[in-house]
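S.K.: Dropping a structure here in structure tokens format, bear with me for questions.
The values are calculated or read from the model by the stated rules, or taken from the named source; none is laboratory data. Just so it is clear, the structure is predicted and the values come from calculations on it, not from any experiment. A quick note on method: Cβ atoms are made from the backbone with ideal geometry, for glycine too, and the neighbour counts reach across all protein chains shown. Each accessible area value is taken on the protein alone, full model and side chains, heavy atoms only, with ligands, DNA and RNA left out. Shrake-Rupley method; radii C 1.70, N 1.55, O 1.52, S 1.80 Å.
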Amino acid sequence: WLPCLGAVDESRSPASVRWLTYDDVQLLVSQVTTGLRSLGLRRGSRLGVLADSSADVVIVDLACLVMGVVTAPLAGDPATIRCQLQTAQCSVAVVTRYRLGQILDTRATSLRAVVLCDGSLLGTAPPAGAAEERDRRDAVDKGLR
């Protein structure tokens, strides 16, 4: 078991750290990639990001890297954010729950979808399918030895 990515809950206590393995991260990145593709994002597309730092945002960023999607960081007042979205030609934006109001206040007509990155990717349970995927990889690894 090799930890790859950790996240703490809002209590910020050391006991609240949830660690994901590399396999868990790979599975989550794959799931997010599928979701972003379903929203029409492809290589070269731009995804607006108005989010605080979190493990979920790291997963989204890795999914964009895998897909060849460019992330466009957003900041400022609603008019500035609207201009950034239009300049970067973002049709989809990812926001954390604390920033949702900011993106809605932009009234950006270029946005087709807003994805709420609310911490649910790193819920208390391992990602769906993680155990099965780990078992499958272990079986493949044993076959290679």
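S.K.: Taking Thr34 as the residue in question, decide whether it is part of a helix (DSSP H, G or I), without any contact (Cβ under 8 Å) to a residue 12 or more places away in the chain, within 18 Å of Val115 (Cβ to Cβ) and open to solvent by 80 Å² or more (accessible area, probe 1.4 Å).
M.R.: Yes: the conditions hold for Thr34.
S.K.: Quick one: what pairs do we get from region 65-79, first residue within 13 Å of Ala93 (Cβ to Cβ) and of a type in the set (A, V, I, L, M), second open to solvent by less than 50 Å² (accessible area, probe 1.4 Å) and not in a strand (DSSP E or B), C-beta under 6 Å, 6+ apart or different chains?
M.R.: That search, which allows pairs on different chains as well, returns Val69/Leu41; Val69/Ser45; Ala72/Ala88; Ala72/Cys90; Leu74/Ile81.
S.K.: I would also like to ask the following. In region 52-76, what residues are charged (D, E, K, R), part of a helix (DSSP H, G or I) and under 18 Å from Arg18 (Cβ atoms)?
M.R.: Result: Asp56, single match.
The rows are residues; the columns are (1) open to solvent by 40 Å² or more (accessible area, probe 1.4 Å); (2) in a loop (DSSP other than H, G, I, E, B); (3) among the aliphatic types (A, V, I, L, M); (4) within 10 Å of Ala51 (Cα to Cα).
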| position | (1), (2), (3), (4) |
| --- | --- |
| Ala79 | yes, no, yes, no |
| Arg82 | yes, no, no, no |
| Thr87 | yes, no, no, no |
| Tyr98 | yes, no, no, yes |
| Leu104 | yes, no, yes, no |
| Ala108 | no, yes, yes, no |
| Val114 | yes, no, yes, no |
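S.K.: Right, something else. Keeping to region 45-77, report how many residues are under 15 Å from Gly101 (Cα atoms), touching a Ser or Thr at 6+ places or on another chain (Cβ under 7 Å) and buried (at least 20 other Cβ atoms within 10 Å of the Cβ).
M.R.: 2
S.K.: If you don't mind, another one. Among the numbered conditions (1) at pLDDT 90 or above; (2) over 27 Å from Gly6 (Cβ atoms); (3) open to solvent by 40 Å² or more (accessible area, probe 1.4 Å); (4) not in a loop (DSSP other than H, G, I, E, B), tell me where Arg42 comes up short.
M.R.: Arg42 satisfies every listed condition except (4).
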